[in-house]
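The values are calculated or read from the model by the stated rules, or taken from the named source; none is laboratory data. What you are looking at is a predicted structure, and each value in this text was computed from that prediction instead of being measured. Using ideal geometry, Cβ is built from the backbone for each residue, glycine included, and neighbour counts are taken over all protein chains shown. Ligands, DNA and RNA are stripped out before the accessible areas are found, and what is left, the full protein with its side chains, is counted by its heavy atoms. Shrake-Rupley method; radii C 1.70, N 1.55, O 1.52, S 1.80 Å.
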Amino acid sequence: MIEGVQYVTNPAGEPVAVQIDLQRYGSLWEDFCDIIIAEERKKETHSSWEDVKKRLNKKSAPKW
């Protein structure tokens, strides 16, 4: 067992979740969340840098 980490189990004794001491491991938790977000965003469509620049220029152009 790791100090500051507790495993939550279901009635069959199988681990289903983890509780961590955020005072001790808060920065690691932030890294973990960043990894989850990055993995989720892999499924998103991507735009080229040129397309992004064009969209930004259209938004910032004066609408006269």
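Structure notes:
- Helix 22-41 vs. the chain, principal-axis angle (Cα, 0 to 90°, nearest 10): 50
- Å² per residue, accessible surface of the chain at 1.4 Å: 98
- Net length available on complete extension from Ile35 to Ala12 is 5.3 nm, with 0.36 nm assigned per residue and the Cα-Cα distance removed.
- Exposure rule at most 11 other beta-carbon atoms within 10 Å, DSSP loop GluC sites (Glu not before Pro): the chain longest free segment: 4-43
- In Å², nearest 10: area of Ile2 left accessible to a 1.4 Å probe: 100
- A dipole drawn for the chain from +1 and -1 charges on Cβ atoms has a positive end, and of Asn57, Ser47, Ala12 the residue lying farthest that way is Asn57.
- Accessible-area rank, largest first, for Arg24, Arg41: Arg41, Arg24, with all protein chains present and a 1.4 angstrom probe.
- The long axis of helix 49-60 is offset from the longest Cα principal axis of the chain by roughly 70 degrees.
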